[in-house]
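Colleague: The structure that follows is given in the form of structure tokens.
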Amino acid sequence: MTDKTFLNWPFFEPQHRELAEKVQTWATDNIPALVANEHEALDQTCIDLMRGMAKAGITGYAVPASGGGALKKLDVRSLSIIRDVLGEHHALADFAFAMQGLGSGPISLFGNADQQTRYLNKVVSGKSMAAFALSEAEAGSDVAAMSTNAVKTDAGYILNGEKTWISNAGIANFYTVFARTGEAPGAKGISCFIVDADTVGFSVPERIDLVAPHPLGTLRFENCLIPHENLVGEAGRGFGIAMATLDVFRTTVAAAALGMARRAMDETLSYVSQRKLFGGVLADLQLVQGKLSDMALAIDSSALLVYRSAWTKDCVADRVTREAAMAKLHATESAQLVVDAAVQLHGGKGVTRGHIIESLYRDVRALRIYEGASEVQQVIIARQALANFSGRG
């Protein structure tokens, strides 16, 4: 991380600066070796990255102290700093950490003491990988349209349906799954369950290959018996659990995008300062300087929105729906523009497979879609603005 000046902003405390240095050192020393075989052994690479971060104490920030974590509660500034740094180093490292947090997020925020003891301690130690199962083929942005259902019986809940676009599908040890339980229509009749990977009737019928590969697939539930004790929170409150979880981790998606943009900027500054052209270097050209200016502005404005949202969640408000939506929308869209500019300035190298800029170009694209597409964030921001305006009337 070349630019560390943002760590001096009033959003942060000394422990956040220490954490940034710790993660930076670990990433520099360990990630290159851990990802050496990522193309031949994708699943194992993700597992090795997760275990490496567990050994270094980084996964301890993905859960609260009640589940063996490093801090009393989830600290969004810490989560964002970690993803900012990891995103700058390697997308798979960021992915591995993010899924430990998001997948176990409902348990961290709403799980009882027994659930936290059974599942979160293994997340911290690297003995278990987590996954978050919300999306369906016909229910992505419209969560209330989900059809996966769970019927309550004396023995437990009988779960049936499919989830798709699920990260860590096939390698997770447990999944936090959202299903319709019918207490009320629409979003009010959804509940959250912990589903162990060895549950009878559970399968992963399909793995999905992406432009920037990571473990992703479809989950199938066929008469899966889920014990009553694996219900997270109250029945019928699953939609609120999902939204509260995303309220925490949506800001961290923006942080990952910020890290990728920082890497693209650093690589570009190095390249244009050395690339000889017309008797000088590429950086001498005013058109190039204009692009560099736009990139720098996009990065700093994204950082301000990301860490405002994180600070607000940690220190001011229980919910940061508006701030998180702004951070994710701006940081992911801006990162796409920064990386695209980096590709352009690198010329042929920028589209050469295996080059860091080409990798970033593939890696950054999905961030504008998952955990709420950019268009969804626009709707959220507009509705919040209208609500605030109406409230003043």
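Colleague: Restricted to Cα positions, what overall size does the chain have along the principal axes? Three whole-Å values, descending.
Modeller: 80, 59, 40 Å, listed from the longest principal axis down.
Colleague: ³J(HN,Hα) across region 313-323 via Karplus (A = 6.51, B = -1.76, C = 1.60, θ = phi - 60°), whole Hz, x for Gly/Pro?
Modeller: 5, 6, 10, 10, 10, 6, 10, 10, 4, 5, 5
Colleague: Here's a follow-up. How high is the relative contact order of the chain, given as a whole-number percent (alpha carbon pairs under 8 Å, six or more residues apart)? Write down the numbers at each step before the final one.
Modeller: Working: 745 pairs, mean separation 58.1, N = 393.
Taking the mean separation of contacting Cα pairs over the length of the chain, I get 15 percent.
Colleague: Under 5 Å between amide hydrogens, which residues at least 5 positions from E206 or on another chain qualify, with H placed 1.01 Å from N in the peptide plane?
Modeller: T218
Colleague: Right, something else. Using 0.36 nm per residue, how much length does the chain from A137 to T117 gain when fully extended, once their Cα-Cα distance is taken away? Each step should come with its number before you reach the end.
Modeller: On the way: separation 20, 0.36 × 20 = 7.20 nm, distance 3.29 nm.
Roughly 3.9 nm would be gained on extension.
Colleague: Can you give the FRET efficiency for K188 and S147, using 1/(1 + (r/R0)^6), R0 = 22 Å, r = Cβ-Cβ distance, to the nearest 0.05? Display every interim value, and only then the final one.
Modeller: Values: r = 16 Å, r/R0 = 0.72.
It comes out at approximately 0.90.
Colleague: Please list, by residue number, everything in region 322-337 whose backbone N is under 19 Å from a paramagnetic label point 7 Å out along Cα→Cβ of L210.
Modeller: Correct set: 328-337.
Colleague: What number does region 131-236 give for Rg over Rh if you use C-alpha atoms and the Kirkwood radius?
Modeller: Here Rg/Rh amounts to 0.96.
Colleague: Below 8 Å between Cα atoms, with a sequence gap of 6+, how large is the relative contact order for region 131-236 in percent? Spell out each step's value before the answer.
Modeller: Numbers: 259 pairs, mean separation 33.3, N = 106.
It rounds to 31 percent for region 131-236.
Colleague: What spacing in nm lies between the two simple spin-label points modelled at E375 and L297, each 7 Å away from Cα in the Cβ direction?
Modeller: The two pseudo-label positions are separated by 2.8 nm.
Colleague: Which whole-Hz ³J(HN,Hα) couplings does region 329-334 yield from phi under the Karplus relation 6.51 cos²θ - 1.76 cosθ + 1.60, θ = phi - 60°, glycine and proline marked x?
Modeller: Result, ordered by residue: 4, 5, 5, 6, 5, 5 Hz.
Colleague: Given the rule -39500 (n - 2.57) for each run of at least 4 DSSP H residues, summed and divided by the residues of the chain, what is its mean residue ellipticity at 222 nm, to the nearest 500 deg cm²/dmol? Let's see the in-between values first.
Modeller: Numbers: 10 runs with 196 residues, N = 393.
Dividing the helical sum by the residues of the chain leaves -17000 deg cm²/dmol.
Colleague: Fewest first, what order do T45, T332 take by the number of other Cβ atoms within 10 Å?
Modeller: If I rank by nearby Cβ atoms, fewest first, I get T45, T332.
Colleague: Sort S301, S191, S135 so the one with the fewest other Cβ atoms within 10 Å of its own Cβ comes first.
Modeller: S301, S135, S191
Colleague: On to the next question. What do you get for the angle between helix 42-55 and the principal long axis of the chain? Use alpha-carbon atoms, 0 to 90 degrees, nearest ten.
Modeller: It is inclined by approximately 90 degrees.
Colleague: While we're here: How large is ³J(HN,Hα), in whole Hz, for each residue of region 19-29 in order, when computed from phi with the Karplus curve 6.51 cos²θ - 1.76 cosθ + 1.60 and θ = phi - 60°, using x for Gly and Pro?
Modeller: 5, 4, 5, 4, 5, 4, 5, 4, 4, 4, 7
Colleague: When N is the residue count of region 240-387, what does its C-alpha Rg come to as a fraction of 2.2 N^0.38 Å?
Modeller: On the way: Rg = 17.2 Å, N = 148, 2.2 N^0.38 = 14.7 Å.
In units of the globular-protein estimate, region 240-387 measures up at 1.17.
Colleague: A further question follows. Listing M260, M99, M265 from the residue with the fewest other Cβ atoms within 10 Å to the one with the most, what is the order? Display every interim value, and only then the final one.
Modeller: Details: M260 30, M99 27, M265 22.
With the sparsest Cβ surroundings first, the list reads M265, M99, M260.
Values quoted throughout were computed directly from the atomic coordinates according to the rules given, and no laboratory measurement underlies them. Computed from a prediction, not measured in an experiment: that's the story for all the values here. We place every Cβ from the backbone using ideal geometry, glycine too, and count neighbours over all the protein chains shown.
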